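What follows is a short report on a single structure.
Only the coordinates and a few stated rules stand behind these numbers; no lab work does. Just so it is clear, the structure is predicted and the values come from calculations on it, not from any experiment.
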Amino acid sequence: MEERNLLSIAYKHITGTLRTSWRTVESIEKQETANGRATLREQTLIRRQREKVELELADACKDLLELLDRHLVPAAEAGEERVFYLKMCVFSLLLRSVFLILAYTGRAIIIGTLLNLLDARSERRLRN
């Protein structure tokens with residue numbers, strides 16, 4: 001149980017930090033594009049930074065998925081332990097998919113709402 005909680009907290013810390021970075025860069029990108037203060041070069045740099053964070057987040061999810069797939073889920077006992085790891089798989093797949101889509105399309109349509117939903121669900125899960 002302790003190992004699962006440590007893994008969950010570490011994963012949440014890594015992804016939470018990257019998601020906060022993404023929100024910050026995305027907000028700056030919107031502001032600078034809307035008010036027209038940023039030069040084309042600055043807009044390109046901001047966009048590249050956002051895409052870099054998106055790919056870093058997708059890679060962090062991929063690393064966790066590989067760990068879960070190769071080691072943790074196969075070795076997990078049936079019941080609560082296995083369900084815990086499978087839920088982490090689903091959460092990681094969802095998060096990775098969202099940021100890969102964003103990284104390759106360059107559009108952030110409903111990401112804020114989705115991230116808030118994921119934050120609320122992960123907070124609830126940690127409390128239980």
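Quick look at the values:
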item: Added length on full extension, which subtracts the Cα-Cα distance from 0.36 nm per residue, GLU32 to SER97; result: 20.7 nm
item: Qualifying aspartates and glutamates (Cα of each under 19 Å from Cα of LYS87; at least 8 residues distant if same chain); result: GLU2, GLU3, ASP59, ASP63, GLU66, ASP69, GLU77, ASP119, GLU123
item: Tensor-based shape of segment 1-81 (alpha-carbon gyration tensor, a/c under 1.5 rounded, otherwise prolate or oblate); result: prolate
item: Residue-span extension gain [THR17 to LEU65] - 0.36 nm each, minus C-alpha spacing; result: 15.4 nm
